[in-house]
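Please read the structure below before turning to the comments.
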Amino acid sequence: MFGYAGKIARIDLSSREVSDYPISDGDREKFLGGKTLAAKIIFDEFGSKVEAFSEENIIVITTSPLTGSTAPCSSRFNISTISPLTGLLVSSNCGGSFGLHLKRAGYDGLVIAGKSEERVYIDIIDEEIFIRDANHLWGKNTGEAQALLGDRNRGKLVIGIAGENLVRYAAVISEERAAGRGGVGAVFGAKNLKGIVASGKKNVEMFDKEGFKRHNQNWIKRLKANALTGGQLPKLGTAGLVSMMNYRNLLATRNYAKGSYEDFEKINGETLRNEHLVKNKGCVTCPIQCGRVVKAFGKEVKGPELETLGLLGSNLLNDDLQLIIDVNHLCDEYGLDTISFGSSVGFAMELNEKGLWNNGLSFGDCSLLPDLVKKTAARECIGNELAEGTRRLSQKYGGIEFAINVKGMETAAYEPRAAQGMGLGYATSNRGGCHLNGGYLVVMEGLGMNVNGSTTRGKAAFTIFFQDMMEAVSAGGTCLFTTYTLMPEPVLKNPNNGLARFVNSAVPYFGGVVSLLHNNTWLLGFNIKGLLPHPHSIELVTGIKMDIGKFLKTGERGYNLERLINIRQGLTGCEDKLPARLTGDLQREADPKSSVRLDEMLGQYYRLRGWSESGVPTRERLRKLGIEEYGL
Amino acid sequence: MITVRIFGLISVEYDISRMYIEEGMVSRILDEMVRQCPGISRGKLQQSVMFINKEQVNVHKVLSRTLKDGDELVLISPSSGG
């Protein structure tokens with residue numbers, strides 16, 4: 001099929017056997033690629049519940065039809081596995097160039113099974129796969145390990161010391177980019193797999209090369225002209241959100257006790273730009289260039305993203321931006337997810353403050369952070385406890401009501417008590433407390449658009465719509481920032497004009513319309529290339545007939561399939577919840593609506609999804625999505 | 001004095017982050033900002049998300065509101081993406 005390298009390799013580390021994993025064109029049309037195709041493989045591979053660190057667990061690395069196609073922001077790849085943090089499916093997406101190189105090496109994906117007795121890495125050159133000794137790489141940080149793997153022009157991904165030591169939120173690092181969430185790096189470590197290198201000369205054929213080129217030019221033009229992707233993101237990076245989040249009470253502060261931080265100005269995007277920025281940069285084929293290059297320990301490194309500024313900054317009452325930059329770099333080097341690490345430290349600080357765990361950590365006193373990174377990665381002393389994440393810490397020391405995780409995964413830097421839809425998204429996200437997999441409704445609730453974050457009206461419908469759309473975008477292979485063309489420019493650029501005020505106030509009342517479209521995607525059997533360029537791109541690359549409706553249905557199919565895997569892993573609807581601090585405590589005493597009113601949204605969310613009252617996808621829904629054979 | 005704080009793209013593009021302006025109506029404060037910052041327009045300022053003493057306000061509804069000594073006016077360009 002056009003747009004695909006055509007093969008997925010199954011690599012058994014126990015037996016060292018390599019074989020072709022069977023994937024049909026029908027599978028590609030149904031699941032596209034990325035996390036959605038990975039979910040299909042994981043569902044098919046496991047007959048029942050699998051433990052994250054067991055030999056039975058598999059790692060599925062997938063690219064997508066747009067990966068390496070020259071579509072804007074299309075150098076993404078995905079890693080899916082059973083998470084040691086949540087015990088559920090985790091899909092972690094990463095930029096850089098590895099996906100592009102893997103496809104050139106002749107593979108759309110890799111299914112890595114078993115467990116190697118020796119420490120190894122996988123080397124892929126022009127379709128040939130070698131399992132090589134990695135003793136010389138073991139114990140090395142991610143930068144050094146990648147350097148030792150040689151040629152700069154090859155795609156590489158490695159784990160750091162954290163992954164080797166099975167830290168439950170260990171990341172996989174590729175160049176400077178991270179597949180950060182859910183502990184995918186620890187599963188590599190459990191399999192004695194240090195990393196993967198890939199390169200090759202294969203050219204992937206396109207269905208309509210000329211049409212694709214024209215479509216891309218227009219798409220890139222729109223991204224460059226957009227106020228966010230052409231203005232804020234290149235100039236301020238994701239860090240540019242800190243100030244707005246602070247004033248909207250969305251900035252996780254003091255282990256989520258508050259939504260704003262008195263010293264936010266010391267850690268915001270403007271200060272990062274004025275005092276630390278060397279230059280901005282981006283992934284291959286990215287016209288946005290949101291990455292920051294800053295200096296840590298005397299060398300130029302990747303700067304912190306918004307999430308890191310929140311979790312290692314305001315959430316710890318840490319106003320030292322250079323320290324955040326340094327710790328961010330150390331987390332990348334040791335292979336730690338900055339969100340889960342920062343949240344675990346914040347939780348430990350509050351446990352200490354409340355006398356539940358005498359660990360010596362205090363809010364505002366963050367000089368120990370670099371040492372904590374090293375100890376956590378090595379699982380030494382207090383680090384061995386922090387390496388377990390907030391849920392397990394709360395099971396040991398108490399404080400479950402302020403252990404800020406969902407299903408075991410620490411939430412991102414968006415404090416949801418000022419954004420009800422984001423709260424619902426966190427609670428229902430397939431991978432746990434993730435803003436992106438949760439639908440990222442906060443972009444409507446104050447970060448982009450200006451829809452009332454306090455109302456629950458319409459939020460269930462919009463959450464579902466965005467969860468499914470982002471699933472589809474991810475499966476297609478582009479960065480989620482490419483979806484900002486969806487937001488109407490006049491509303492975005494001038495939030496005070498009459499049209500913007502009308503749209504923002506009317507949006508919650510359109511939940512019914514959104515639901516209607518969600519349940520009848522045939523009504524969206526067309527493309528609006530300027531609004532959502534992705535389906536047409538996929539069609540031009542693959543030849544698969546794709547429109548907005550079919551695209552959204554692919555996303556919904558993936559979301560439901562992931563849910564089914566989680567249910568098989570033991571998930572029940574009871575776990576679609578938030579920590580008591582976020583649902584029970586008011587963020588601001590003066591505002592009686594400043595807690596997440598999940599009970600007003602969750603039942604409706606299940607109904608609109610076509611799930612049972614206990615949150616299980618019904619046979620009827622699965623039939624509608626063409627995946628009835630996956631029913632449990 | 002009124003403290004005016006400016007964030008986001010508008011802060012980067014016009015190289016302004018903080019101003020101190022004498023008390024008065026919001027409309028007059030915006031005019032004074034235009035006077036002090038060459039290149040910036042009133043229209044551009046009114047496209048920002050505005051907060052007065054940490055409460056979000058609609059700029060068109062507060063133009064005639066008088067700010068007093070110690071009040072804080074915040075302007076932030078629309079922003080997203082994290």
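All of the numbers you see were taken from the coordinates with simple rules; none came from a lab. Bear in mind that the values here come from a model prediction, so they are computed numbers and not experimental data. So basically every Cβ, Gly included, is an ideal-geometry build from the backbone, and we count neighbours across all protein chains shown.
Taking amide hydrogens as placed 1.01 Å from N in the peptide plane, the amide H of A:Ala178 sits under 5 Å from those of A:Gly95, each at least 5 positions away in sequence or on another chain. For the stretch A:295-337, the calculated P(r), taken from all Cα-Cα distances in 5 Å bins from zero up to the bin holding the longest distance, is 6, 25, 36, 23, 9, 1 percent.
The stretch A:4-44 and the stretch A:123-169 have Cα centres separated by 22 Å. Over the stretch A:491-578, the fraction of Cα-Cα pairs per 5 Å bin, rounded to whole percents and listed from the shortest bin up, is 3, 12, 13, 14, 16, 16, 14, 9, 3, 1. Measuring between their Cα centroids, the stretch A:357-410 and the stretch A:74-89 lie 22 Å from each other. With 20 Å as the limit on Cα-Cα distance, the pairs of A:Lys221/A:Lys281; A:Lys459/A:Lys545; A:Lys191/A:Lys407; A:Lys191/A:Lys374 that go past it are A:Lys459/A:Lys545; A:Lys191/A:Lys407; A:Lys191/A:Lys374.
Taking the DSSP beta bridges in chain B as the whole, what percent of them are antiparallel, to the nearest 5?
Values: 13 of 18 bridges.
Bridges in chain B that DSSP calls antiparallel: roughly 70 percent.
Dividing the alpha-carbon radius of gyration of the stretch A:545-632 by the rule-of-thumb value 2.2 N^0.38 Å gives 1.36.
Over the stretch A:1-140, what relative contact order in percent results from Cα pairs under 8 Å that are six or more residues apart? With pairs under 8 Å counted, the relative contact order is 28 percent. When each of A:Met444, A:Met1, A:Met422, B:Met25 is scored by the number of other beta-carbon atoms lying within 10 Å, the sequence from fewest to most is B:Met25, A:Met1, A:Met444, A:Met422. The share of Cα pairs per 5 Å bin across the stretch A:78-233, counted from zero up to the longest distance, runs 2, 9, 16, 18, 18, 13, 9, 8, 5, 2, 0 percent.
Excluding A:Asp20 itself, what net charge comes from residues whose Cβ is under 10 Å from its Cβ, given Lys and Arg +1 and Asp and Glu -1? All intermediate terms of the calculation are to be shown ahead of the outcome.
On the way: positive: A:Lys7, A:Arg10; negative: none.
For residues surrounding A:Asp20, the net value is +2.
Count the net charge of all other residues whose Cβ sits under 9 Å from the Cβ of A:Met349, scoring Lys and Arg as +1 and Asp and Glu as -1.
Values: positive: A:Arg254; negative: A:Glu350, A:Glu353, A:Asp365.
The answer is -2.
Does the stretch A:437-490 come out rounded, prolate or oblate, given a ≥ b ≥ c as the square roots of the eigenvalues of its C-alpha gyration tensor, rounded meaning a/c under 1.5 and, failing that, prolate meaning a/b above b/c? Note, shape of the stretch A:437-490 comes out oblate.
Translational diffusion coefficient, Stokes-Einstein: compute it for the protein assembly as shown using the Kirkwood radius over C-alpha pairs as Rh, at 20 °C and 1.002 mPa s, and state it as an integer in µm² s⁻¹. Intermediate results must be reported in sequence, preceding the final value.
Values: Rh = 25.4 Å.
Value of D from the Cα-based Kirkwood radius: 84 µm²/s.
Counting only Cβ charges, +1 for Lys and Arg and -1 for Asp and Glu, the dipole size of the stretch A:337-426 around its Cα centre is about 240 debye.
Viscosity 1.567 mPa s, temperature 4 °C: what is the translational diffusion coefficient of chain B from Stokes-Einstein with a Kirkwood Rh over Cα pairs, rounded to a whole number of µm²/s?
On the way: Rh = 12.6 Å.
D = 103 µm²/s.
Both radii are taken from the alpha-carbon atoms of the stretch A:322-392; with Rh as the Kirkwood radius, Rg/Rh is 0.93. May I ask you to work out the translational diffusion coefficient for the stretch A:1-71 at 25 °C, viscosity 0.890 mPa s, via Stokes-Einstein with Rh from the Kirkwood sum over Cα pairs, reported in whole µm²/s? Diffusion coefficient, whole number: 183 µm²/s.
When only alpha carbons are used to place a centre, the stretch B:1-59 and the stretch A:613-628 end up 52 Å from one another. By the beta-carbon count within 10 Å of each Cβ, the least crowded to most crowded order of A:Ser614, A:Ser343, fewest first, is A:Ser614, A:Ser343.
Once you treat every alpha carbon in the stretch A:529-568 as an equal point and sum by Debye, what is log10 I(q)/I(0) at q = 0.22, 0.29 Å⁻¹? At q = 0.22, 0.29 Å⁻¹ the computed log10 ratios are -0.69, -0.90. Look at the dipole of the stretch A:21-157 built from charges on Cβ: of A:Asn78, A:Leu137, A:Ser48, the Cα furthest out on the positive end belongs to A:Asn78.
Roughly how compact is the stretch A:50-91, stated as its Cα Rg over 2.2 N^0.38 Å to two decimals?
Working: Rg = 13.4 Å, N = 42, 2.2 N^0.38 = 9.1 Å.
Scaled against compact globular proteins, the figure is 1.47.
Most simply put, chain A has about 80% antiparallel DSSP beta bridges, counting only bridges with both residues inside it.
Across all C-alpha atoms in the stretch A:485-632, the radius of gyration and Dmax reach 18.9, 56 Å.
Ordered by the number of other Cβ atoms lying within 10 Å of each residue's own Cβ, fewest first, A:Cys94, B:Cys37, A:Cys290 fall into the sequence B:Cys37, A:Cys94, A:Cys290. Relative contact order, whole percent, for the stretch A:444-513 stands at 46, derived from Cα pairs under 8 Å and 6 or more residues apart.
The label-point distance for A:Lys529 and A:Asp599, in a model that sets each label 7 Å from Cα toward Cβ, rounds to 5.1 nm.
For chain B, which GluC sites (Glu not before Pro) are in a loop by DSSP, counting at most 15 other Cβ atoms within 10 Å? List each step's numbers first, then the result.
Numbers: sites: B:Glu13, B:Glu22, B:Glu23, B:Glu32, B:Glu55, B:Glu72; in loops: B:Glu22, B:Glu23.
When the GluC sites (Glu not before Pro) of chain B are filtered for loop state and at most 15 Cβ neighbours within 10 Å, B:Glu22, B:Glu23 remain.
Residues whose amide H lies under 5 Å from that of A:Leu336, counting only those 5 or more places away or on a different chain, are A:Ala171; hydrogens are built 1.01 Å from N in the peptide plane. With a ≥ b ≥ c taken as the square roots of the eigenvalues of the C-alpha gyration tensor of the stretch A:464-522, please select rounded if a/c is under 1.5 and otherwise prolate if a/b is larger than b/c or oblate if it is not? In terms of gyration-tensor shape, oblate.
Compactness of the stretch A:208-300 is given as radius of gyration and Dmax, 16.9, 54 Å, from Cα positions.
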